[in-house]
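Let me begin by presenting the structure, written as structure tokens, before commenting on it.
The values are calculated or read from the model by the stated rules, or taken from the named source; none is laboratory data. All values derive from a computational prediction rather than experimental measurement. Here the Cβ positions follow ideal geometry from the backbone for every residue, glycine too, while neighbour counts run over all protein chains shown.
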Amino acid sequence: MRRLSILRPMLAAALALASPPAAADQGDPALAPLFARLPSADPGAAARLEAEIWQRWSITGVEEAIIPFRLGVAAFASGRLKEALVRFTDVTDKAPDFAEGWNKRATVLFHLGRYAESAAAVARTLALEPRHFGAWAGLGLIRNAEGRPAEALAAFERGLALNPHMPGIVEAVRDLRRTVRGRAI
């Protein structure tokens with residue numbers, strides 16, 4: 001069992017590197033119909049649609065950014081936040097129009113407690129992909145951590161308008177509405 005826990009980070013990195021690149025990103029025309037079906041989908045279909053959206057978002061058409069992106073994902077999954085930040089910064093330097101590179105960078109910065117920088121990376125993500133429900137949720141987490149509940153609520157609600165199938169965010173909105181507006185969902 002101990003051997004598996006030691007090998008898990010290496011296996012994650014190998015799997016990330018083995019995935020074949022494809023030509024897709026936030027500009028993929030296949031995203032529009034996925035987003036159109038997401039709000040009214042049943043839970044099982046919503047999970048599949050969300051997975052497909054994330055998969056399409058995670059593919060950059062910039063060859064030089066593919067390996068650093070995969071290495072950043074593996075580093076983050078293994079808890080190596082500083083290495084992940086270096087990798088995702090490399091991605092955003094090489095592919096500045098790749099929204100998911102900015103989103104991953106924002107996520108790492110949030111986990112490092114660097115909220116202002118994380119919010120700036122979220123802003124770049126949303127400028128490139130306004131439908132990025134994960135970035136809206138991330139902005140809500142940032143604003144909540146900063147003690148700005150009204151702004152957190154607004155960001156969470158924007159994310160839920162795009163993807164109402166984020167249970168943790170639904171709960172956060174319920175709590176924040178009680179705090180900010182004095183009512184529950």
List every residue pair whose Cβ atoms lie under 6 Å apart, where the two residues are 6 or more positions apart in sequence or sit on different chains, the first residue falls within the range 79-91 and is within 19 Å of residue 63 (Cα to Cα), and the second residue, located anywhere, is modelled with pLDDT of 95 or more and among the basic types (Lys, Arg).
-> 88/104; 88/105
Please tell me if residue 135 is closer than 25 Å to residue 174 by Cβ and over 12 Å from the mean Cα position of the chain (by Cα).
-> no
For residues that are among the aliphatic types (A, V, I, L, M) and in a loop (DSSP other than H, G, I, E, B), tally how many sit in the range 25-63.
-> 5
Filter pass, residue 86 being surrounded by fewer than 22 Cβ atoms within 10 Å (Cβ to Cβ), at pLDDT below 95 and not acidic (Asp, Glu) = no
Test residue 77 against the stated conditions and say whether it is at pLDDT 95 or above, surrounded by fewer than 17 Cβ atoms within 10 Å (Cβ to Cβ), in contact with a helix residue (DSSP H, G or I) (Cβ under 7 Å, 6 or more places away or on another chain) and not hydroxyl-bearing (Ser, Thr, Tyr).
-> yes
Do we find a residue being polar (S, T, N, Q) and farther than 23 Å from residue 28 by Cβ anywhere in the range 161-177?
-> no
Matching option when the condition is free of Cβ contacts under 8 Å to residues at least 24 places away in the same chain, out of contact with any strand residue (DSSP E or B) (no Cβ under 7 Å at 6 or more places or on another chain), among the hydrophobic types (A, V, I, L, M, F, W, C) and at negative phi, among 127, 137, 150, 95 | 127
Only one of (1) buried (at least 17 other Cβ atoms within 10 Å of the Cβ); (2) of a type outside the set (S, T, N, Q); (3) under 27 Å from residue 55 (Cβ atoms) is not met by residue 93, so which one is it?
-> (1)
